[in-house]
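Enquirer: Below you'll find the structure I mean.
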Amino acid sequence: MADSHLRTLRTAVLCVLTLALPQVAWAQRALIGSESLERFPLTVQDQKRAQAVIASHPSLRGQTIQVEFPPNAGLRTKCEQTLLFENPKRDRMWGNVQVMARCDKPSFSASIPLRVRVFGQTIRAARYLPTGARLGRDDLVVEQAEMTDAPADAAVRVEDVLGQTISQSISARGWIRLNSLKQASVIQARAPVRVQIKGPGFQASGEGIALTDGAIGDTVTVRLSDGGRVSGRVVGPGEVEITVK
């Protein structure tokens, strides 16, 4: 009796598997094969509209760009009207990005992956530059090249970097980054400075000795001739200004 029940149970399990496995296999094929389903490729006009929208992004204005669409770029559903495109809300539209394609008939939207390559003037280190180095023209390699993968703060104008000092070392051919630059000191510690004191209705000047280095705009401490100490803003080489309100 026990053997009979066991055979019946095995038969039932086999029947269930026989019915279920094809359904599972079909579902797997539907998921795995979804990438190979027929697409409606973007037309040349679609791509031109997408490129125009991308070029309007604030981070690309004035830049030379090249938009590359993947070979299989397309839609799952055919759009019966003009396909419209929107830029994503991001600060920088460089490198691998996505644009939103929208259709009104039928109503749907889809993300289109693509790559935006950017070309322009690049500034790199001509050789290894140690921390504290003051940048001169011979320290820089300036050329027209691709800058797609450059950091967001990469310098692109020579006048923004000449005479600046770097706060961290830069390897040969490394990007010159604006956030790693600081103005060169125009006042050195223990050097004489001229102090100008300005206030409502009066102005006076005197001399002292700087106790700290400072670039234009920095605040430095100065020891006056009478031994007193004051703090003021660097306004030029060897000049410190104190404003009294």
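The values are calculated or read from the model by the stated rules, or taken from the named source; none is laboratory data. Worth saying up front: this structure is predicted, and the values here are computed from it rather than measured. Every residue, glycine as well, gets a Cβ built from its backbone with ideal geometry; the counts of neighbours run over all protein chains shown. Ligands, DNA and RNA are stripped out before the accessible areas are found, and what is left, the full protein with its side chains, is counted by its heavy atoms. Shrake-Rupley method; radii C 1.70, N 1.55, O 1.52, S 1.80 Å.
Enquirer: Report the label-to-label distance for residue 229 and residue 78 in nanometres (one decimal), using points 7 Å from each Cα along the Cα→Cβ vector.
Expert: Each label point is offset 7 Å from its Cα along the Cβ direction, giving 8.2 nm.
Enquirer: Could you work out the local net charge near residue 67, counting Lys and Arg as +1, Asp and Glu as -1, over the other residues with Cβ closer than 13 Å to its Cβ?
Expert: Values: positive: 48, 49, 115, 117; negative: 46, 68.
So the environment of residue 67 carries a net charge of +2.
Enquirer: Which lysines does residue 198 reach when only Cα atoms under 30 Å apart count, and residues fewer than 8 places away in its own chain are ignored?
Expert: Result set, ordered by chain and number: 182, 245.
Enquirer: Next up: Using θ = phi - 60° and the Karplus form 6.51 cos²θ - 1.76 cosθ + 1.60, what ³J(HN,Hα) does each residue of the stretch 217-227 get, whole Hz, x for Gly and Pro?
Expert: My calculation for the stretch 217-227 gives x, 6, 9, 10, 9, 10, 9, 7, 5, 8, x Hz in order.
Enquirer: Mind listing the long-range amide H neighbours of residue 140? Cut-off is under 5 Å, sequence gap 5 or more, other chains count too, H placed in the peptide plane at 1.01 Å from N.
Expert: Here 126 satisfy the definition.
Enquirer: Straight-line reach from residue 78: which aspartates and glutamates fall under 18 Å, measuring Cα to Cα and dropping same-chain residues less than 8 apart?
Expert: Result set, ordered by chain and number: 35, 38, 46, 104.
Enquirer: Using modelled backbone amide H atoms (1.01 Å from N, in-plane), which distant-in-sequence or interchain residues come within less than 5 Å of residue 108's amide H?
Expert: Residues meeting the criterion, in which the H sits 1.01 Å from N, are 103.
Enquirer: Taking 7 Å along the Cα-to-C-beta vector as the label spot, tell me the residue 145-residue 179 distance in nanometres, rounded to one decimal.
Expert: 2.2
Enquirer: To the nearest 10 square angstrom, how much accessible area does residue 213 have with a 1.4 angstrom probe?
Expert: Its accessible surface works out to 90 Å², give or take rounding.
Enquirer: Return the FRET efficiency for the residue pair residue 190, residue 153: r is the Cβ-Cβ distance, R0 is 30 Å, and the value is rounded to the nearest 0.05.
Expert: Numbers: r = 34 Å, r/R0 = 1.13.
The formula returns an efficiency of 0.35 here.
Enquirer: Taking amide hydrogens as modeled 1.01 Å from N in the peptide plane, which residues meet the under 5 Å criterion relative to residue 164, leaving out close sequence neighbours?
Expert: 135
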